[in-house]
Amino acid sequence: KLYLESEGFNWKSVDIFLNKLYYDYRNLIRRIEMKIVVKENYSEMSKYAADIIAELVRNKPDCVIGFATGGTPIGTYKELIRMHKEEGLDFSGVRSFNLDEYLGVGIDLSKPYSLDQSYARFMHEELFSHINIKKENIRIPDGLSKNPEEFCKSYEEEIKKTGGIDLQILGIGGDGHWAFNEPGSSFTSRTRIEALAKQTLDDNYEAFYKNAGVSREQMPHYAITMGIGTILEAKSAIMLANGSKKADIVAQALEGPVTTDVTASAIQLYKGDVTVILDKGAAAGLKKL
Ligand code: GLP
């Protein structure tokens with residue numbers, strides 16, 4: 001070491017070189033594992049996502065799909081409904097698990113829509129009632145469960161019993177959450193009860209509860225959510241985001257550090273086949289496209 005230093009050898013430059021090498025290597029690996037597709041607009045993005053789902057359903061009619069809620073996948077679900085109605089895409093063997101549900105609500109079809117903002121209701125309205133998936137094959141966390149903690153355990157067991165989720169559909173929350181895994185959630189977390197962060201309450205109030213005439217105070221402040229550990233076990237995943245409002249958080253999740261501050265950054269740890277599908281707006285913050 002002394003000899004090299006006496007010859008003017010600069011350890012700092014070696015350090016910089018190794019760091020760069022590590023950085024490039026990490027990005028190379030990431031690129032191989034994570035496919036990022038940028039589509040012109042929301043409709044193209046939704047069609048691309050629906051095609052991936054439809055291909056799985058055709059190749060494996062008894063596949064297990066993890067469904068997501070939120071405004072983002074609605075276009076994808078509309079396209080799946082179209083494929084079912086016009087092309088005969090058959091969901092009769094498909095089994096499904098939803099990512100999450102607000103605590104304290106659940107499907108009650110006797111109530112008018114405006115009084116029930118459950119994700120169960122959302123799935124029924126936006127997809128399930130328009131395709132031929134069998135009711136007994138649908139699983140959504142039960143927000144009305146008398147014993148939600150026990151329920152969470154049984155949800156995990158049921159997923160395992162099916163052999164695992166073949167394709168998980170994901171969105172991304174404004175604070176970077178996956179499902180309802182708010183900032184600070186462990187990457188090994190399993191299905192559990194989670195307190196909603198302020199930004200999520202604000203976002204979801206604006207998007208859903210406000211229109212339904214439910215006050216910000218009255219909307220549920222807790223949810224049952226699959227954990228990040230549960231989600232990462234899916235055999236493959238697609239993550240969707242659209243609109244420039246999501247550009248910054250999408251860039252943080254895909255190119256920033258892997259951190260529980262942005263739980264969707266766990267996507268960089270996915271071992272399965274993962275495709276991120278964005279419209280131009282949501283991709284605007286990415287440096288490496
Ligand atoms: C909710 C859901 C998430 C979803 C997020 C984004 O919080 N729990 O699963 O990804 O909203 O919603 P949107 O697609 O409306 O932006």
Query raised in the report: Longest span of the chain, sites excluded, free of GluC sites (Glu not before Pro) in DSSP loop with at most 11 other C-beta atoms within 10 Å?
Result: 41-216
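Return the tail of the calculated pair distribution for the stretch 38-83, meaning the percent of Cα-Cα pairs more than 17 Å apart.
32
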Report task. Could you tell me which helices of the chain pass both thresholds, a Cα extent of 15 Å or more along their own axis and a mean Kyte-Doolittle hydropathy of at least 1.0, with helices taken as whole DSSP H runs? Result -> none
Query - For the stretch 116-162 and the stretch 189-253, distance of Cα centres in Å - result: 17
Requested in this report: Over all directions, average the projected area of the Cα convex hull of the stretch 186-244 and note it in nm².
Outcome: 5.4
Query raised in the report: When only C-alpha pairs under 8 Å and at least 6 residues apart count, what is the relative contact order of the chain, in percent?
Result: 22
Requested in this report: Can you tell me the dipole magnitude for the stretch 89-228 around its Cα centre, using point charges on the Cβ only (Lys, Arg +1; Asp, Glu -1), in Debye to the nearest 20?
Outcome: 260
Report summary line: the chain, Gaussian network, Cα under 10 Å: of LYS271, LYS160, LYS146, the residue fluctuating most is LYS146
Query raised in the report: Over the heavy atoms of ASP273, what accessible area does a 1.4 Å probe trace out, to the nearest 10 Å²?
Result: 100
Query raised in the report: With the chain treated as a Gaussian network of Cα nodes joined by springs under 10 Å, which of VAL250, VAL214, VAL276 yields the largest mean-square fluctuation?
Result: VAL214
Query raised in the report: Among all the aspartates and glutamates, which ones have a C-alpha under 13 Å from LYS134's C-alpha, if same-chain residues fewer than 8 places away are not counted?
Result: ASP62, ASP90
Query - Dipole magnitude of the chain about its Cα centre (Cβ charges: Lys, Arg +1; Asp, Glu -1), debye to nearest 20 - result: 400
Query - Of HIS130, ALA68, ILE140, farthest towards positive along the dipole that unit charges on Lys, Arg, Asp, Glu beta carbons give the stretch 34-146 - result: ILE140
Query raised in the report: Once the chain is represented by equal point scatterers at the alpha-carbon sites, with solvent omitted, what log10 I(q)/I(0) does the Debye formula produce at q = 0.11, 0.14, 0.16 Å⁻¹?
Result: -0.64, -1.02, -1.35
Query raised in the report: Antiparallel DSSP bridges in the chain: what percent, to the nearest 5?
Result: 25
Requested in this report: Only helical DSSP H runs with n ≥ 4 go in: add -39500 (n - 2.57) per run for the chain, normalise by residue count and round the 222 nm mean residue ellipticity to 500 deg cm²/dmol.
Outcome: -11000 deg cm²/dmol
Report summary line: For LYS153, counting only lysines whose alpha-carbon sits under 18 Å away and dropping same-chain residues fewer than eight positions off, the answer is LYS161
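Counting only heavy atoms of protein chains, what accessible area per residue, in Å², does the stretch 73-174 have with a probe of 1.4 Å?
45
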Report task. Two decimals is fine: what is log10 I(q)/I(0) at q = 0.10, 0.12, 0.13, 0.19 Å⁻¹ for the stretch 79-221, from a Debye sum with one equal scatterer on every Cα and no solvent? Result -> -0.38, -0.55, -0.65, -1.36
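If I compute solvent accessible area with a 1.4 Å probe over the protein chains, what percent of it on the stretch 50-203 is carbon and sulfur?
C and S fraction of accessible area: 52 percent.
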Report task. Could you check what % of the DSSP bridge pairs in the stretch 186-289 are antiparallel, to the nearest 5? Result -> 40
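The values are calculated or read from the model by the stated rules, or taken from the named source; none is laboratory data. Here the structure is a predicted model, which is why all the values come from computation and not from measurement. All Cβ positions, even for glycine, are placed from backbone atoms using ideal geometry, and neighbour counts span all protein chains on display. Keep in mind that these areas ignore ligands, DNA and RNA; they rest on the heavy atoms of the full protein, side chains included. Shrake-Rupley method; radii C 1.70, N 1.55, O 1.52, S 1.80 Å.
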